[in-house]
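Please read the structure below before turning to the comments.
The values are calculated or read from the model by the stated rules, or taken from the named source; none is laboratory data. In this text the structure is predicted, and so the values were computed from the model without any measurement. Here the Cβ positions follow ideal geometry from the backbone for every residue, glycine too, while neighbour counts run over all protein chains shown. We work out accessible area using only protein heavy atoms, side chains counted, and drop any ligands, DNA or RNA first. Shrake-Rupley method; radii C 1.70, N 1.55, O 1.52, S 1.80 Å.
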Amino acid sequence: LFSNKTWLAATKKSLQRNIKGVQNVYTQHSPYLAQTLDALLKGTLTETQYPHLGSEPPTAGAKRRAPVEVIVFMVGGVTYEESRYVSEMNTANPGVRVLLGGTTIHNSASFLEEVKRLPSAGGGPAPPPP
């Protein structure tokens with residue numbers, strides 16, 4: 001508005017400012033699994049939504065210790081992005097081991113196939129997989 005820069009130059013500068021310090025602009029998104037695992041390591045997950053197995057029952061009012069081994073299994077599949085995050089988390093936290101599994105590993109094509117197989121709004125059953 002008050003400068004003699006073109007629209008393209010202003011947009012370029014804005015984009016450069018937003019991605020400064022980012023190694024790869026395609027990996028900026030953080031999966032929901034990241035928030036869940038971070039809360040798990042901090043001991044802030046609720047027992048009712050995320051029950052756990054272990055030998056030590058949590059004492060009343062005490063903060064739960066971070067687990068040493070975590071198994072995450074995603075029914076419906078996991079993505080490469082979630083796998084990358086778990087790998088980075090395992091590298092950054094040597095005292096904690098997270099194992100990720102799922103019914104499949106999705107890419108864009110397999111995810112769209114799953115969406116295509118969903119029942120329509122009419123409520124009919126989904127067609128069987130090929």
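Using a simple spin-label model with pseudo-atoms 7 Å out from Cα toward Cβ, Thr91 and Val68 lie 2.5 nm apart. Under a 5 Å amide H cut-off, with hydrogens placed 1.01 Å from N, Arg97 pairs with Glu69, Val70 among residues at least 5 apart or on other chains.
Each residue of region 100-106 was assigned a 3J(HN,Hα) from its phi angle through the Karplus expression (A = 6.51, B = -1.76, C = 1.60, θ = phi - 60°), giving 10, x, x, 6, 7, 10, 8 Hz with x at Gly and Pro.
When Val96, Val68, Val75, Val115 are compared by accessible area at a 1.4 angstrom probe, the order from most to least is Val75, Val68, Val115, Val96. Ligands, DNA and RNA excluded, the heavy atoms of Tyr80 present near 140 Å² of accessible surface to a 1.4 Å solvent probe.
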